[in-house]
1. Is there a pair in Lys155/Lys207; Lys144/Lys165; Lys107/Lys165 whose C-alpha atoms are over 25 Å apart, and which pairs would that be?
2. Which loop-located GluC sites (Glu not before Pro) does segment 29-90 contain, where loop means any DSSP state but H, G, I, E or B and the Cβ has at most 15 other Cβ atoms within 10 Å?
3. Rounded, prolate or oblate: which fits segment 18-116 when a ≥ b ≥ c are the square roots of the eigenvalues of the alpha-carbon gyration tensor, with rounded for a/c under 1.5 and prolate only if a/b beats b/c?
4. Can you give the local net charge around Pro209? Use residues other than it whose beta-carbon is closer than 13 angstrom to its beta-carbon, Lys and Arg +1, Asp and Glu -1.
5. Would you mind counting up the charge near Glu161? Only other residues with Cβ under 13 Å from its Cβ, with Lys and Arg at +1 and Asp and Glu at -1.
6. Is the shape of segment 93-176 rounded, prolate or oblate, going by the alpha carbon gyration tensor and its root eigenvalues a ≥ b ≥ c, with a/c under 1.5 for rounded and a/b larger than b/c for prolate?
Amino acid sequence: MRAAWKELERKYAEYYRMQAEIASLAIWEDCISLENLSLVGGADQAFILENENEKIISAVVVLAYPSLEVVERAFAVLPVNFPYIPGLLAFREAPAIAEAFKRLRRKPEVLFVDGCGVNHPRFAGLATHVGVSLDVATIGVAKKLLCGRGEIPEKEGEATEIRFKGRVVGFFLKSKQGCRPIIVAPGHKISLSTALELTKRCIRKHKLPEPTRIAHNYANEIKKRFKNGSNSDNSNNRDSGDSRDGRESRNSSDAASGSSQANLQRFRR
């Protein structure tokens with residue numbers, strides 16, 4: 001087992017180094033103000049098989065704050081160019097999120113990401129990676145604990161600290177009674193306390209905060225379009241702010257194939 005882990009470390013050493021650099025560039029202090037906040041976003045992914053090739057659908061939604069009404073949606077569909085390796089999820093999913101985010105006309109001031117932030121073995125989870133890449137404040141919201149320990153809250157609305165390597169890296173949040181707690185952590189340009197507070201404010205009737213919940217539903221909507229062969233339907237794209245639809249993503253496979261490496265090159269010095 002130890003030999004296998006050593007081999008894994010050797011094989012992905014460059015990616016671990018990149019994550020260390022990303023963590024060094026991340027800011028875990030407030031660069032936004034909740035009092036002046038007007039737009040929040042959410043990002044989530046879905047996966048499909050097309051001609052035996054796996055592709056990732058990244059869906060991004062923008063909501064007015066504090067009403068949490070949808071004002072814009074965008075998506076990107078790219079080839080999957082990186083294997084599923086625990087702790088290296090960002091290299092698999094971040095390029096598609098970045099592509100979808102760039103298609104937005106109105107950029108959110110804070111982006112909720114379905115994944116980890118600072119609560120990561122190298123303090124560089126998907127939310128941190130995306131935040132540093134796009135220079136946007138991000139919050140990671142996950143359903144499973146990747147690292148650290150903490151007491152599980154019992155009461156709805158209660159949050160407890162998660163500690164890893166001697167520091168607080170996030171919170172267990174009991175968002176709804178009868179549901180397992182979600183894990184909330186800052187990604188970039190936001191503090192621990194503000195990440196938790198904003199997440200609480202964005203929870204309505206469901207377990208997940210509205211930005212990631214709506215993004216999850218949108219990703220599944222796009223996935224169904226592909227399965228039904230209607231992914232080129234533009235009927236709602238203009239109103240939703242997604243004027244560049246999935247056809248563009250599919251026809252730009254050459255550029256997409258290098259997107260993961262381009263994303264890595266951004267952090268090379």
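Every number here is computed from the coordinates shown, using simple stated rules; none is lab data. Not measured: the values here are computed from a predicted model. FYI the Cβ positions are ideal-geometry reconstructions off the backbone, even for glycines, and counts take in every protein chain you see.
1. Lys107/Lys165
2. For GluC sites (Glu not before Pro) across segment 29-90 that sit outside H, G, I, E and B with at most 15 neighbouring Cβ atoms in 10 Å, the list reads Glu29, Glu52, Glu69.
3. It comes out oblate by the Cα gyration axes.
4. +4
5. +1
6. It comes out prolate by the Cα gyration axes.
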